[in-house]
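Engineer: Take this structure first; my questions come after.
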Amino acid sequence: MSNVGTLDRIIRFILGAVLIAAPLLTGWPIWSDATAFWGAIVVGGVLIATSALSFCPIYAALRLSSKRQRT
C-alpha cells in the first residue's frame, strides 16, 4: 500500500529534519512567531512520518505514486 518512492522518502526525511531543527537550533526572528515555530515542527513531523511509512495520504487521494512500477 506504499506510494512513496525511495528518492521521495529521502527528500521528505531531510526536509522534515530541517524543518524540525531550524526553529529549535537557530535564532532567526521568523521562529519567534508561535505559528511559524509550531507550523514548521508539525509539517516536519508529517514529512518524517510519511517518509517512515512510505505512504502519503495526499498522493493516495490524488491517485499518485512516486514509487517505481515493476515491469
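Engineer: Give the number of residues within region 29-59 that are touching a Pro at 6+ places or on another chain (Cβ under 7 Å) and of a type in the set (Gly, Ala, Ser). So that I can check it myself, show each step before the final result.
Structural biologist: Initial filter on region 29-59 (touching a Pro at 6+ places or on another chain (Cβ under 7 Å)): 31, 37, 40-41.
With the extra rule that they be of a type in the set (Gly, Ala, Ser), the set shrinks to 40.
Counting residues in region 29-59 that are touching a Pro at 6+ places or on another chain (Cβ under 7 Å) and of a type in the set (Gly, Ala, Ser) gives 1.
Engineer: Can you tell me which of Ile14, Ile10, Ile41, Ile58 is in a helix (DSSP H, G or I), surrounded by 15 or more Cβ atoms within 10 Å (Cβ to Cβ) and among the β-branched types (Val, Ile, Thr)?
Structural biologist: Ile41
Engineer: Could you check region 1-34 and list, in sequence order, the residues that are under 11 Å from Phe55 (Cα atoms) and without any contact (Cβ under 8 Å) to a residue 60 or more places away in the chain?
Structural biologist: Going through region 1-34, the residues under 11 Å from Phe55 (Cα atoms) turn out to be 1-5, 8-9.
Selection gives Met1, Asp8, Arg9.
Engineer: Please work out which one of (1) at pLDDT 95 or above; (2) of a type in the set (Phe, Trp, Tyr); (3) within 10 Å of Asn3 (Cα to Cα) is the condition Tyr59 fails and give its number.
Structural biologist: All conditions are met except number (1).
Engineer: Among the residues of region 1-30, write down those that are closer than 18 Å to Lys67 by Cβ and touching a Gly at 6+ places or on another chain (Cβ under 9 Å). Step through it out loud before you land on a result.
Structural biologist: Kept after step one, since they are closer than 18 Å to Lys67 by Cβ, are these residues of region 1-30: 1-13.
Residues satisfying the conditions do not exist here.
The values are calculated or read from the model by the stated rules, or taken from the named source; none is laboratory data. Just so we're clear, the structure is a prediction, and the values are computed from it rather than from any experiment. Cβ: placed from backbone, ideal geometry, glycine included. Neighbour counts: every protein chain shown.
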